1. Please list A:Arg90, A:Arg142 in order of solvent-accessible area, largest first, computed with a 1.4 Å probe with all protein chains present.
2. Rolling a 1.4 angstrom probe over the protein heavy atoms, how many square angstrom per residue are accessible across chain A?
3. Chymotrypsin sites (Phe, Trp or Tyr not before Pro) within segment A:167-220: which are DSSP loop residues with at most 16 other Cβ atoms inside 10 Å?
4. For B:Arg15, what accessible area in Å² do you get when you roll a 1.4 Å probe over the heavy atoms of the protein chains, rounding to the nearest 10?
5. Could you run the Karplus curve 6.51 cos²θ - 1.76 cosθ + 1.60 with θ = phi - 60° over segment B:77-93 and give me ³J(HN,Hα) per residue in whole Hz, x for Gly and Pro?
6. Using amide H atoms built in the peptide plane, which far-off residues or other-chain residues are under 5 Å from A:Leu91 H to H?
7. Can you classify segment A:155-280 as rounded, prolate or oblate using the Cα gyration tensor, where a ≥ b ≥ c are the square roots of its eigenvalues, rounded means a/c under 1.5, and otherwise it's prolate if a/b beats b/c and oblate if not?
8. With a ≥ b ≥ c the root eigenvalues of the C-alpha gyration tensor of chain A, is it rounded (a/c under 1.5), prolate (a/b larger than b/c) or oblate?
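The values are calculated or read from the model by the stated rules, or taken from the named source; none is laboratory data. The model shown is predicted, which means the values in this text are computed figures rather than measured ones. Neighbour counts are summed over all protein chains in view; Cβ atoms, including those assigned to glycine, are modelled from backbone coordinates with ideal geometry. We work out accessible area using only protein heavy atoms, side chains counted, and drop any ligands, DNA or RNA first. Shrake-Rupley method; radii C 1.70, N 1.55, O 1.52, S 1.80 Å.
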Amino acid sequence: MNKQKTEKFYLLCDSGDFYVWLLKHKNNPHKRYYDLSRSINIKTSNKEIELIFIHKHSNFELYNQFTKKTLEKTAGTPDYILYDENHEERLIIEDSNTAPVGNALLQRLDKLFPLMADPDILCPIKYIQYEEGFDVSNNKLRNSKQSWFVKSFASKRDDLFIFLKNEQNIYEKVYDLIVEHMLNKKQKIAIQTSELECLHFGIVKNIRSYKNNIFYGKLFKPNGTDAHPVLSTLLLISEVANLLNKEPIKIKCSAEHKQKFMKSDSKRIKKIIKNGVQFS
Amino acid sequence: MKETDVILNFLEDCRDCLVKNNIVAELPAGTWVGSKNRNNGDIRGESIPSIEVKATFNEAKKDFENINKNYHIKHYIYASNNIKEHEINFWKENKVSVAIYLTSQDKWFIFETEKMFINIINQNKIYYEILGQ
């Protein structure tokens, strides 16, 4: 009897939460290796798969070996990157349990949008969050569909953005997507110029700190650390402007912030500078 | 071995109990900068006490001795290449229960003041247990 060859895939994870969920909710046999990676076995009707987990906080060197080329193209670390045996990307996922409040989605796009837009990244990219969530600060139920970003862009790209109903489980969705993309190699659908124009229109209309091609946001907090939400927003604006060959964004800020910005080692800031910015 | 691996090894080795005891784990992740609720351990559940997880004995000892940190935590997990008498004596003197992942054995050494770890870690992953008073 011919033994089916086990196909290997590698899931590079920013945290161990998904693996813990799998241990609790799925019955797949697991194994652990001396290099601190772990694996589960998945049997489908026509394939045997070993999914090897490499956790960033467990073995950073191994994690970095796999992900270096992928992560050079973006400004953050997506939650999951799936590679096949040839170390080719098969799927990239970012998931979020956060309520769809304000700019919660925008602030995560620094990890994903550059990959979505990069023609060298061929694999599908998914951002998953709940459609509805409770905004504790305002005591209100929020819906993702209220977001200008969703209206301008995300709602038209359900291949990129997945909004779950409350009764769905986010890790179950992540698991299903991973299995789907291990069984079938797929390609992402490129973002069209018309979509970018629509997104840019939404940016100009809705981001109050961006007027007449000048960005006014506070780049750093009073304590000197990066203002992540502001920089993520600026990154998105600069990515879109760059893709549309628009003139470089001008940043209005103090001399101190300008100096700090230009000397920064932050991947986010370096990407913004690479997209072309000027100081007003 | 990092804290992540100690947590994951433990959860793998008590997998049968994960659902039964509704065990949850807090893992290091991303750019976590928030402050942790110090009354909750890294691992906790409905019918198990809060367990604090560290990578090494020294980290666990330092954490235990810091009264501003883990006020109610009396259960620790960490990793070591083998069993060391001075470590067990420390936990005995302080009446703290520990499960030590022995990296050389891929099994757990348990010292506990009452049966808990022994009941949740899979029997084939237990190296030895001491039930102390």
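1. Of A:Arg90, A:Arg142, the descending order of accessible area is A:Arg142, A:Arg90.
2. It amounts to 50 Å² per residue over chain A.
3. Passing both the DSSP loop test and the Cβ count: A:Tyr216.
4. 40 Å²
5. Whole-Hz 3J(HN,Hα) from phi for segment B:77-93: 10, 7, 10, 8, 6, 7, 7, 10, 4, 5, 5, 5, 4, 4, 5, 4, 4.
6. Amide H neighbours of A:Leu91: A:Leu82.
7. Judged from the Cα gyration tensor, segment A:155-280 comes out prolate (a/c at least 1.5, a/b above b/c).
8. prolate
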